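Here the structure is laid out as structure tokens; the discussion comes afterwards.
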Amino acid sequence: MKQIALPITVDVEQTLQNYVVGANQAVIDHFKLFASHPNRSPVPTYIWGESGSGKTHLLRAIGLELTALKQPFGWLDATHPQNNPKVFDPAWDAVLMDDVEQFTASQQHFAFNCFVNALTPTAGLQRWVVASGTLPPQDLKLREDLRTRLGWGHVFHLQTLVEQDCREVLQRHSRDLGLSLPGELEDYILSRFSRDLSTLIRLLNELDAYALQSKRPPTIPLLKDMLNES
């Protein structure tokens with residue numbers, strides 16, 4: 001799918017409530033329990049699945065839950081390493097790590113340091129570490145001490161969404177955007193685009209912005225025009 005840059009956007013927060021569960025109910029139950037409990041177990045959690053399965057959505061959702069509880073956390077991101085913290089902050093109640101399989105050697109060193117600090121009680125506090133990747137822990141090409149720590153706690157494999165789940169993604173996100181999505185357009189999208197979460201959500205965001213800019217309702221011709229102009 002081509003990318004287009006438009007000035008009109010609607011920011012839809014990624015929450016545990018608007019994650020399309022599919023066959024991943026056990027993951028959601030685990031996160032709802034852990035994220036809402038101020039005295040949670042320090043046992044780490046690792047989620048893995050193919051690109052677009054919703055890993056980043058879940059990590060951001062956990063961040064929102066922690067923020068609501070006024071619990072600060074650290075965020076390590078392979079995509080935007082320039083925004084990563086440089087030192088461990090003892091005020092953190094949790095550390096969230098996204099796309100660990102892409103971590104550089106220096107990021108792996110800091111991630112391991114976070115594990116060491118997270119499991120070393122400070123004023124009686126042990127921190128929760130939540131990480132995501134595209135591979136199971138045993139297959140990660142990371143330094144051994146980090147790889148084993150990622151795999152010793154709770155490990156969940158995010159299951160791929162079936163067609164009905166993908167339709168729910170389209171319908172729910174279009175409602176959040178205030179976008180009226182005709183049934184024939186929904187069918188068209190599912191028959192011609194990748195069904196991973198990130199592709200579907202990005203496509204709807206771009207279509208919503210293009211429809212607003214064009215002052216036209218979302219239709220198959222509008223989508224084709226958007227793609228032809230990008």
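The values are calculated or read from the model by the stated rules, or taken from the named source; none is laboratory data. Since this is a predicted model, take the numbers as computed values, not measurements. Glycine also receives a Cβ, built like all others from the backbone with ideal geometry; neighbour counts cover every protein chain displayed.
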Selection over segment 80-96 where residues are in a loop (DSSP other than H, G, I, E, B) and either acidic (Asp, Glu) or out of contact with any Pro (no Cβ under 9 Å at 6 or more places or on another chain) (or both) yields a count of 9
Condition check: of a type outside the set (Ser, Thr, Tyr) and surrounded by fewer than 17 Cβ atoms within 10 Å (Cβ to Cβ). Does ASP145 satisfy that?
yes
The correct count of residues that are of a type in the set (A, V, I, L, M, F, W, C) and farther than 15 Å from HIS57 by Cα in segment 15-41 is 4
Can you name every residue in segment 191-204 that is more than 16 Å from the chain's Cα centre (by Cα) and in contact (Cβ under 8 Å) with a residue 24 or more places away in the chain?
PHE193, SER194, LEU203, LEU204
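Each row is one residue, and each column tells you yes or no for (1) closer than 29 Å to ASP29 by Cβ; (2) modelled with pLDDT of 95 or more.
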position	(1), (2)
ASN83	no, no
PHE88	no, no
SER106	no, no
ALA111	yes, yes
TRP128	yes, no
GLY133	yes, yes
ASP139	yes, yes
LEU142	yes, yes
LEU146	yes, yes
I'd like to know if segment 94-102 contains one or more residues that are among the charged types (D, E, K, R), touching a residue at least 24 places away in the same chain (Cβ under 8 Å) and surrounded by fewer than 21 Cβ atoms within 10 Å (Cβ to Cβ).
yes
GLY63 passes all but one of (1) outside any strand (DSSP E or B); (2) over 15 Å from the mean Cα position of the chain (by Cα); (3) touching a residue at least 12 places away in the same chain (Cβ under 8 Å); which number fails?
(2)
Residues in segment 214-228: is at least one outside any helix (DSSP H, G or I) and closer than 21 Å to ASP99 by Cβ?
no
With respect to SER230, determine if the residue is hydroxyl-bearing (Ser, Thr, Tyr) and either modelled with pLDDT of 90 or more or over 28 Å from PHE31 (Cβ atoms) (or both).
yes
